[in-house]
1. Considering R157, R143, R186, which residue is touching a strand residue (DSSP E or B) at 6+ places or on another chain (Cβ under 9 Å) and of a type in the set (D, E, K, R)?
2. Looking at E158, is it open to solvent by less than 50 Å² (accessible area, probe 1.4 Å), under 19 Å from G12 (Cα atoms) and charged (D, E, K, R)?
3. Of all residues in the stretch 115-156, which are part of a loop (DSSP other than H, G, I, E, B), among the polar types (S, T, N, Q) and touching a residue at least 40 places away in the same chain (Cβ under 8 Å)?
4. Out of (1) open to solvent by 10 Å² or more (accessible area, probe 1.4 Å); (2) touching a strand residue (DSSP E or B) at 6+ places or on another chain (Cβ under 9 Å); (3) among the hydrophobic types (A, V, I, L, M, F, W, C); (4) modelled with pLDDT of 95 or more, what's the single condition that is false for A29?
5. Every residue in the stretch 88-114 that is in a helix (DSSP H, G or I), open to solvent by 10 Å² or more (accessible area, probe 1.4 Å) and farther than 15 Å from E289 by Cα, please.
6. Could you list all residues from the stretch 41-70 that are of a type in the set (A, V, I, L, M) and exposed (fewer than 15 other Cβ atoms within 10 Å of the Cβ)?
7. Testing S168 on (1) small (G, A, S); (2) at pLDDT below 95; (3) open to solvent by less than 10 Å² (accessible area, probe 1.4 Å), one condition comes back false. Which one is that?
8. Only residues in the stretch 214-240 that are within 18 Å of L271 (Cβ to Cβ) count as the first member; pair them with residues that are open to solvent by 50 Å² or more (accessible area, probe 1.4 Å) and assigned to a helix (DSSP H, G or I), Cβ under 8 angstrom, at least 6 apart or cross-chain, and list the lot.
Amino acid sequence: MNMTVKTRYEFGRHETFSLREGWLDKGLAHAIAANGFKADVETADALGLGKNMAKSLQFWIEATGLAARGQGEEGRSTGLTVSDFGRLVASTDQHFEYAISTWFVHMILARRTGTVWNWFFNDFRSGVFDRETCVEGLLRHVRDHAVNQTTITVLQREVACILGTYASLPASEAQDPEDFTISPLRTLGLLVKHTDTGRFEKTAPLDAVPVEAFLACVQWNVSDADTETLPLSDLISRRGSPARLFNIDGDTINELAHAAAEEYGDRGVRLSLLGSTRTITMPRMAASEWYSLHFKRIGAR
């Protein structure tokens, strides 16, 4: 009999604050200057934030892969320090001016197991929904998959945080220039809030996904599967696939795969036809290397 493997979920570490514009570069710069990040009074004062906001920022730079917790003796945390990816961003795009940086932090966030982010992009399949439906979906998922259960109030806060982080207004509606809670992840265009109905809609991004973001996502997928080659159909159906994380369909997957093979065939990205199955083969490299290759391709750094 198959048993569902349950995961320990993290709730509330964002302190109910959605990610805000300017937070990642501010937090990353502080972590580099201070040789780590600790959400204490001194850090809050240095960054001009309240203590709870500083705790939230500490979560966000960890959850987006810019910092990581080391482990000392007996598995104890040694604190939050800048990750290799964080140093790469700091040396390449420290102010997050390029879309590739936002795509990468989105992918890392959506791949974080035991979180509302992972559930929302991988398991919540409703294309158009209201807040209540989203909360109910998360509640069912947590009941079935979480080791640690929690209250409906906590789950409502989790949903409020992800909607606040990703949901933008339709292009036809003016943005409020005085809204300082705007999140950089809204610029990806993955979620739209329709103010007339109060409903939300998952949407394909308005701007093309950078081919290197696509390749990084594929790289993580082949690594997860412990292989070098995957059917293109897996890039639609797998958890963590480009189709799920980018809200794109099979035609767009095909277009990106062909563009990737054309641009990076010399690095080992190949498309093949095995019988009636189209496959993509990836070189053995870290997903973060595609981040650097993006800047090399566009000649920005």
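The values are calculated or read from the model by the stated rules, or taken from the named source; none is laboratory data. Predicted model, so just to flag it, every value in this text is computed and none were measured. Because the Cβ atoms are built from the backbone with ideal geometry, glycine has one as well, and the counts that use them run over all protein chains shown. Surface areas here come from the heavy atoms of the whole protein model, side chains and all, with no ligands, DNA or RNA. Shrake-Rupley method; radii C 1.70, N 1.55, O 1.52, S 1.80 Å.
1. Working: R157 fails: touching a strand residue (DSSP E or B) at 6+ places or on another chain (Cβ under 9 Å); R143 fails: touching a strand residue (DSSP E or B) at 6+ places or on another chain (Cβ under 9 Å).
Going through R157, R143, R186 in turn, the sole match is R186.
2. Details: open to solvent by less than 50 Å² (accessible area, probe 1.4 Å): yes; under 19 Å from G12 (Cα atoms): yes; charged (D, E, K, R): yes.
Taking the combined requirement at face value, the residue satisfies it.
3. The first filter runs over the stretch 115-156 and keeps only residues part of a loop (DSSP other than H, G, I, E, B), leaving 115, 123-127, 130, 147-151.
Cutting the leftovers down to among the polar types (S, T, N, Q) gives us 115, 126, 148-151.
Matches in the stretch 115-156: T115, S126, N148, T150.
4. With (1) open to solvent by 10 Å² or more (accessible area, probe 1.4 Å); (2) touching a strand residue (DSSP E or B) at 6+ places or on another chain (Cβ under 9 Å); (3) among the hydrophobic types (A, V, I, L, M, F, W, C); (4) modelled with pLDDT of 95 or more applied to A29, the lone miss is (2).
5. Selection gives A99, T102.
6. So the first thing to find is which residues in the stretch 41-70 are of a type in the set (A, V, I, L, M), and the list is 41, 44, 46-47, 49, 53-54, 57, 61, 63, 66-68.
Scanning the stretch 41-70 gives V41, A46.
7. (3)
8. L232/N254; R238/D224
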